[in-house]
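Working notes, structure below.
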Amino acid sequence: MTNLLGIFESFGPTVKDLLGPILRYGPNRYSICEPSAAKSIYGHGTQFAKSAWYSSWTTPGSWSLFPDQDIKSHAHGRSLFQSTYSMTALVSYEAFVDECGALICQRLQEIAENGESVDMRHWFQCYAFDVIGIITFGNRFGFLDRGEDVGSLIQALDGHLFYATLVGLLPSLHPLLYRIRNLWAGRKGTGRGYILSFTLEQIADHRAGADAKFEKETTEKREETRTEPFLSKFLVKHAEDPEKFSHQQHVVAACVSNVTAGSDTTAISLSAILYYLIKNPDCLLRLRVEIDEFQSRGQLSGYPSFKETQQMTYLQATIKEALRMHPATGLPLERVVPRDGIEIAGQYFPKGAIVGINTWVEHRNSTYFGQDADQFRPERWLIKDTEALSHMNQHWIPFGLGSRTCIGRHISMLEITKVIPRIVRDFDFELVSSEAGKEATWSTQNVWFVKPTDFIVRVKARAKMS
Ligand code: HEM
């Protein structure tokens, strides 16, 4: 893995064995790998706020859920959004996801016919962006239609990730650097500034089309579960109580957050699932057998429904295992030790020390996942031993922990569980080596998100089951 920051270079699967349970990776910063750490730092009722590193993830002076460093304001903010992002609300978006699922399959079919090699992470990001567009604003951004970086959003996102990851280490510079960078870039700004401009345009377009409809409908008639894009739901909340749910702080911030957090993460996870399946043909075969069995019993539709996929135990284990092997975020989830200090792994950390668990380190720990923790083996999730399973589940943290777990995880799981059976059923993928004679593999870059940089595959259409 290529790390953006040299200081994180030593983070690796064997870090605990080499260095013990605590790694100091910067002044006052500690990455911890110890069974009790999760509960002590992120457990219910603890007072460990996010570190100042997160402040560079938003526009200076504006509020957003992800970087909020205040425990109370975060809890209040989160409660305003929770229902919109719940799984119950999200299953009503299945048709939106199916629309994008059909399009990515169509693109893959064309790619197969042309015999091209393609970067699958790019196509997964196109899929994830279009799902986010349709769920958030009611329309696809057009990534899958055009196959390219529409409006340079991917480029802006890359710039934002690079900037926020680095500048977060010197957060006092963020207000000035952010301003200079965006002034320099011109009218639409750059990085997060650009994503904000893009989002404001989307909101304006949506409002222009939707205002007439809003006037007619009374807010009482609306239900949270109706298949309206998030933006419509947010605007209703704003209309109901503009002080509690403000336009700038809540409507805009949540839409920006969807655009920022909703594509890379899902694309990385989808890539990881496909990559590990390609690399492990036995697992791919077992998954295909499950898909075929479900289909022949009439338990799997052409467009698999979320409900159907929940019954597919090998599919679920495969997804879980790929997210264990390659979680989307690759830096410690930093928190600040509160007033009374804390002892973890026999070491006292005073107030103000920054401590955190790195998902990659946690997921490769043989104490939790066994001696073969470095191997992709979905079967590890299919055991009957409930105690061992619960132990692994406690340390499976691709979506974070505690009160700050990912609010968008159900969106991603909906996208992932619906599209993987389709593409595995309909296509064969072959990993292309970057150099003749070299083993085909991929490289990754850790910019908070651990992105594959060259997931190049050849695609072939499979014969359809009659
Ligand atoms: C497979 C996909 C995803 C993964 C692996 C993932 C991972 C994470 C992780 C690890 C955190 C915790 C960060 C921390 O504690 O520092 C987080 C938080 C968050 N994620 Fe995700 N995420 C995914 C998809 C999404 C999507 C689709 C959205 C929005 C549409 C989203 C929005 C957020 C937000 C707003 C937070 C902050 C929550 C809070 O602080 O209360 N994520 N995510």
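At a Förster radius of 41 Å, what calculated FRET efficiency corresponds to the Cβ-Cβ distance of residue 73 and residue 24, to the nearest 0.05?
Numbers: r = 30 Å, r/R0 = 0.73.
Result of the calculation: an efficiency of 0.85.
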- Message: For the pair residue 384/residue 288, report the inter-label distance in nm, with labels modelled 7 Å from Cα in the Cβ direction.
- Response: 3.1
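Quantify, in whole percent, the carbon and sulfur part of the accessible surface of the stretch 31-84 (1.4 Å probe; protein heavy atoms only). Walk me through the numbers before you get to the answer.
Details: 1340 of 2280 Å².
Answer for the stretch 31-84 is 59 percent, counting heavy atoms of protein chains only.
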- Note on the structure: Here, trypsin sites (Lys or Arg not before Pro) of the stretch 390-463 satisfying both criteria (DSSP loop; at most 13 other Cβ within 10 Å) are 438, 462
- Once the Cβ-Cβ distance between residue 313 and residue 200 is put in as r, and R0 is 35 Å, what FRET efficiency do you end up with, to the nearest 0.05? 0.20
- Expected unfolding gain across residue 428-residue 36 under the 0.36 nm per residue rule, minus the alpha-carbon gap, is 136.8 nm
- Given labels modelled 7 Å from the Cα in the Cβ direction, how far is it in nm from residue 403 to residue 106? 4.6
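Scanning the chain for helices, which whole DSSP H stretches are 24 Å or more long along the axis (Cα) and average 0.5 or more by Kyte-Doolittle?
On the way: long enough: 94-114 (30 Å, 0.05); 120-137 (25 Å, 0.79); 191-216 (38 Å, -0.47); 409-426 (26 Å, 0.08).
Going by DSSP H runs, the hits are 120-137.
Please give the per residue accessible area of the chain, computed with a probe of 1.4 Å over protein heavy atoms only, in Å².
Working: 20330 Å² over 466 residues.
Heavy-atom accessible area per residue stands at 44 Å².
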- Normalising by the residue count of the stretch 2-461, find the relative contact order in percent from Cα pairs under 8 Å and 6+ residues apart. 26
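How far, in nm, would the chain grow between residue 145 and residue 371 when pulled straight, counting 0.36 nm per residue and subtracting the alpha carbon separation? Mind dumping the intermediate values first?
Values: separation 226, 0.36 × 226 = 81.36 nm, distance 4.48 nm.
Taking residue 145 through residue 371 to full extension adds about 76.9 nm, to one decimal.
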- Taking the dipole about the Cα centre of the chain, with the C-beta of Lys and Arg at +1 and of Asp and Glu at -1, give me whichever of 131, 157, 323 is farthest to the positive side. 157
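Computed FRET efficiency, Cβ-Cβ of residue 82 and residue 436, R0 51 Å: what is it to the nearest 0.05? Mind dumping the intermediate values first?
Numbers: r = 52 Å, r/R0 = 1.02.
Approximately 0.45, to the nearest 0.05.
Mind listing which trypsin sites (Lys or Arg not before Pro) in the stretch 288-373 are in a DSSP loop and have 13 or fewer other Cβ atoms within 10 Å?
On the way: sites: 288, 297, 307, 320, 324, 335, 339, 351, 364; in loops: 297, 339, 351, 364.
Those that pass, being in a loop and sparsely packed, are 297, 339, 351.
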- Where a ≥ b ≥ c are the square roots of the eigenvalues of the C-alpha gyration tensor, would you call the chain rounded, which needs a/c under 1.5, or, failing that, prolate if a/b is larger than b/c, or oblate? rounded
- Suppose every K and R has +1 on its Cβ and every D and E has -1 on its Cβ; what is the size of the dipole of the stretch 352-466 about the Cα centre, in Debye to the nearest 20? 480
- Query: So, with +1 on the Cβ of K and R and -1 on the Cβ of D and E, and no other charges, what is the size of the charge dipole of the chain about its Cα centre, to the nearest 20 debye?
  - Reply: 760
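Find out how many positive minus negative residues lie around residue 158, taking Lys and Arg as positive, Asp and Glu as negative, among other residues whose Cβ is under 13 Å from that of residue 158.
Details: positive: 121, 192, 451; negative: 149, 264.
Residues close to residue 158 contribute a combined charge of +1.
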- Just in the stretch 406-466: which GluC sites (Glu not before Pro) are loop by DSSP and have at most 12 other Cβ atoms within 10 Å? 435, 439
- Message: Taking a ≥ b ≥ c as the square roots of the Cα gyration tensor eigenvalues, with a/c under 1.5 meaning rounded and otherwise prolate when a/b beats b/c, else oblate, which class fits the stretch 77-206?
- Response: oblate
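I need to check one value: relative contact order of the stretch 426-466, counting alpha carbon pairs closer than 8 Å and at least 6 residues apart, in percent.
On the way: 53 pairs, mean separation 19.8, N = 41.
About 48 percent, as a whole number.
The values are calculated or read from the model by the stated rules, or taken from the named source; none is laboratory data. Note that the structure is predicted; figures quoted are calculated from it, not measured. Neighbour counts are summed over all protein chains in view; Cβ atoms, including those assigned to glycine, are modelled from backbone coordinates with ideal geometry. Please note that ligands, DNA and RNA were not included when accessible areas were found on the heavy atoms of the full protein model with its side chains. Shrake-Rupley method; radii C 1.70, N 1.55, O 1.52, S 1.80 Å.
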